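Peer 1: Provided herewith is a single structure, encoded as structure tokens, for subsequent inquiry.
The values are calculated or read from the model by the stated rules, or taken from the named source; none is laboratory data. Keep in mind that what you see is a predicted model, and the values were worked out from it rather than measured. FYI the Cβ positions are ideal-geometry reconstructions off the backbone, even for glycines, and counts take in every protein chain you see. The accessibility values were calculated without ligands, DNA or RNA, using every heavy atom of the protein model including side chains. Shrake-Rupley method; radii C 1.70, N 1.55, O 1.52, S 1.80 Å.
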Amino acid sequence: IPVFNWDVARLARSLLAEIAAEHLGDQTEIIIADDCSTAADLRAANKALFGAPPAAAVRYLELERNLGRAAIRNFLVAQSSGKFLLFLDADVAPDNGDFLRQYLEYARADSCDVVCGGISYAQRILTGRSYDFYVYMSSRAALHPAAIRNRLPWRWIFTSNIMIRRRAFEATEFDARFTDYGYEDIEWGIRLARRFQILHVDNPVSHLGLLDRHSLLEKMRVSIPNYHLLAMLHPEEFAQTRVAPFVRVLRWLPQNGAAPPPGLV
């Protein structure tokens, strides 16, 4: 679990409660790494929580410099020992009481290299109307049942909730060039799908870290370089994304005095 400026207590307590109730302590390890958070109060709260006896099952690490969204996950894997690795974002909460047990069953079956549980907005801690736009946009882009996600497995890879075989990860690490917001997971999914079996299941987590409209639009602006990098690295797959038709149109906007070719608008 990588953390940056977020109180991870809710997620950690949920996981620890299931581990205790289901006696999963000998089958799981929880590793949390703070990626040099700038919010001193949140950083102190997380450090205090995991220094207490109830969190003895948690390894809590603090980094002295920010690695970024991709490299921090590579770092976390290097700290782990499991045959299967479960990545969770800090700002999520499992929707099911048997969340970890479901993943452990797939791990024991040993039939898939990657298992993706999906995301939801069943739980919300930020309920103001200013966050409804974020939920609406995210719901259209990401909230699909496993039956739909399995039609194009790489497209619905979200690092907020995914389990992967260690051997598969070590052969396909995150591309550390994706440092700012966005699309390091899709790029990773493209490379995974070329070599490994991906299964989407319905074992979701709720995304809690909502943004207001202004913040969301700013995130979208910041993500443009990563979109460009994704398009350059994987043009064939990029052509299948929802944004690709808009990119083709934008290339023909009046900055060069030309009109878009027929069929693009």
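Peer 1: Here's a check for you: in the stretch 106-119, which residue that is open to solvent by less than 20 Å² (accessible area, probe 1.4 Å) and part of a strand (DSSP E or B) is farthest from residue 164 (Cα to Cα)?
Peer 2: 116
Peer 1: I'm trying to understand the selection: among the residues of the stretch 76-100, which are surrounded by fewer than 19 Cβ atoms within 10 Å (Cβ to Cβ) and farther than 25 Å from residue 46 by Cα?
Peer 2: Correct list: 83 only.
Table: residues versus (1) under 21 Å from the mean Cα position of the chain (by Cα); (2) of a type in the set (Lys, Arg); (3) closer than 17 Å to residue 59 by Cα; (4) in a loop (DSSP other than H, G, I, E, B).
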residue: 7; (1), (2), (3), (4): yes, no, yes, yes
residue: 10; (1), (2), (3), (4): yes, yes, yes, no
residue: 16; (1), (2), (3), (4): yes, no, yes, no
residue: 19; (1), (2), (3), (4): no, no, yes, no
residue: 25; (1), (2), (3), (4): no, no, yes, yes
residue: 31; (1), (2), (3), (4): yes, no, yes, no
residue: 38; (1), (2), (3), (4): yes, no, no, yes
residue: 44; (1), (2), (3), (4): no, no, yes, no
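Peer 1: If you don't mind, there's one more thing I want to ask. Filter the stretch 99-110 for residues that are touching a residue at least 60 places away in the same chain (Cβ under 8 Å) and not basic (Lys, Arg) and give the result. Spell out how you get there, then give the answer.
Peer 2: The first filter runs over the stretch 99-110 and keeps only residues touching a residue at least 60 places away in the same chain (Cβ under 8 Å), leaving 99-104, 106.
Correct list: 99, 100, 102, 103, 104, 106.
Peer 1: Out of curiosity, is residue 73 free of Cβ contacts under 8 Å to residues at least 12 places away in the same chain and either part of a helix (DSSP H, G or I) or open to solvent by 50 Å² or more (accessible area, probe 1.4 Å) (or both)?
Peer 2: On the way: free of Cβ contacts under 8 Å to residues at least 12 places away in the same chain: no; either part of a helix (DSSP H, G or I) or open to solvent by 50 Å² or more (accessible area, probe 1.4 Å) (or both): yes.
Considered against the rule, which asks whether it is free of Cβ contacts under 8 Å to residues at least 12 places away in the same chain and either part of a helix (DSSP H, G or I) or open to solvent by 50 Å² or more (accessible area, probe 1.4 Å) (or both), residue 73 comes out as no.
Peer 1: Please give the helices (runs of 4 or more DSSP H) falling wholly within the stretch 122-226 in which 2 or more residues are farther than 30 Å from residue 109 by Cβ and either in contact (Cβ under 8 Å) with a residue 40 or more places away in the chain or open to solvent by less than 20 Å² (accessible area, probe 1.4 Å) (or both). Walk me through how you get there before you give the answer.
Peer 2: Working: elements: 132-142, 146-149, 166-171, 184-195, 213-222.
Filter on the stretch 122-226 gives 132-142, 213-222.
Peer 1: Those residues that are under 22 Å from residue 208 (Cβ atoms) and in a loop (DSSP other than H, G, I, E, B), I need them from the stretch 76-100; list them, please.
Peer 2: Result: 89, 90, 91, 95, 96, 97, 98.
Peer 1: Write out, first by first residue and then by second, each pair whose Cβ atoms fall under 6 Å of each other, whose residues are 6+ apart or on separate chains, and whose first residue, in the stretch 23-46, is closer than 24 Å to residue 77 by Cβ while the second is part of a loop (DSSP other than H, G, I, E, B) and β-branched (Val, Ile, Thr).
Peer 2: Listed pairs, sorted by first residue: 32/1; 46/8.
Peer 1: Checking residue 35 against (1) under 16 Å from residue 103 (Cβ atoms); (2) surrounded by 15 or more Cβ atoms within 10 Å (Cβ to Cβ), which test does it fail?
Peer 2: Residue 35 satisfies every listed condition except (1).
Peer 1: Quick one: is residue 103 assigned to a helix (DSSP H, G or I) and open to solvent by less than 50 Å² (accessible area, probe 1.4 Å)? Show your work before the answer.
Peer 2: Numbers: assigned to a helix (DSSP H, G or I): yes; open to solvent by less than 50 Å² (accessible area, probe 1.4 Å): yes.
Yes, satisfied.
Peer 1: Taking the stretch 43-70 as the search range and keeping residues that are open to solvent by less than 20 Å² (accessible area, probe 1.4 Å) and not hydrophobic (A, V, I, L, M, F, W, C), which one is modelled with the highest pLDDT?
Peer 2: Within the stretch 43-70, the match that is modelled with the highest pLDDT is 46.
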